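What follows is a short report on a single structure.
The values are calculated or read from the model by the stated rules, or taken from the named source; none is laboratory data. Bear in mind the structure is a predicted one, so any value in this text is a computation, not a measurement. Cβ atoms come from the backbone with ideal geometry, glycine included; neighbour counts cover every protein chain shown. We work out accessible area using only protein heavy atoms, side chains counted, and drop any ligands, DNA or RNA first. Shrake-Rupley method; radii C 1.70, N 1.55, O 1.52, S 1.80 Å.
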Amino acid sequence: MSNARTARFSRRGILAAGGALGLGAVLAACGDGEAKSGGSDSTGAAGPKTGPWSFKDDRGTTVKLDRAPTNIVAFTGVAAALHD
C-alpha cells in the first residue's frame, strides 16, 4: 500500500470553496469601473455647467435654481429605467 494521501472532499469543504469562488466573482464584478470610464468624480474637459438651472414638468410647474442639482432622488423602478 502506498503512503500517498488520498484527497477527501467533504460537503462542507466543497461548499466553502464554491462560496469563496462566488464571493471572488461578485467582488470582481463590483470593481471600480467608474474610475476607468470617467465617472462622475473625474475632471474631464466637459465639466459641470455653471449658472442658473430650471426645469418645467408636465403639469407646467417650473423649478428654478442657482445651479444644477448634484443629487437626485427617485423611485427605484423609475431610476433603474433611466440609469441606462
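Residues in the stretch 48-84 that are over 29 Å from the mean Cα position of the chain (by Cα) and of a type in the set (S, T, N, Q): THR61, THR62.
Of all residues in the stretch 64-77, those being under 28 Å from THR50 (Cβ atoms), of a type outside the set (S, T, N, Q) and open to solvent by 70 Å² or more (accessible area, probe 1.4 Å) number 6.
When residues of the stretch 1-52 are filtered for being in a helix (DSSP H, G or I) and modelled with pLDDT of 75 or more, how many remain?
In the first step, residues of the stretch 1-52 are kept if they are in a helix (DSSP H, G or I); the result is 11-29, 33-37.
Imposing the further condition that a residue be modelled with pLDDT of 75 or more reduces the set to 11-29.
Of the residues in the stretch 1-52, 19 are in a helix (DSSP H, G or I) and modelled with pLDDT of 75 or more.
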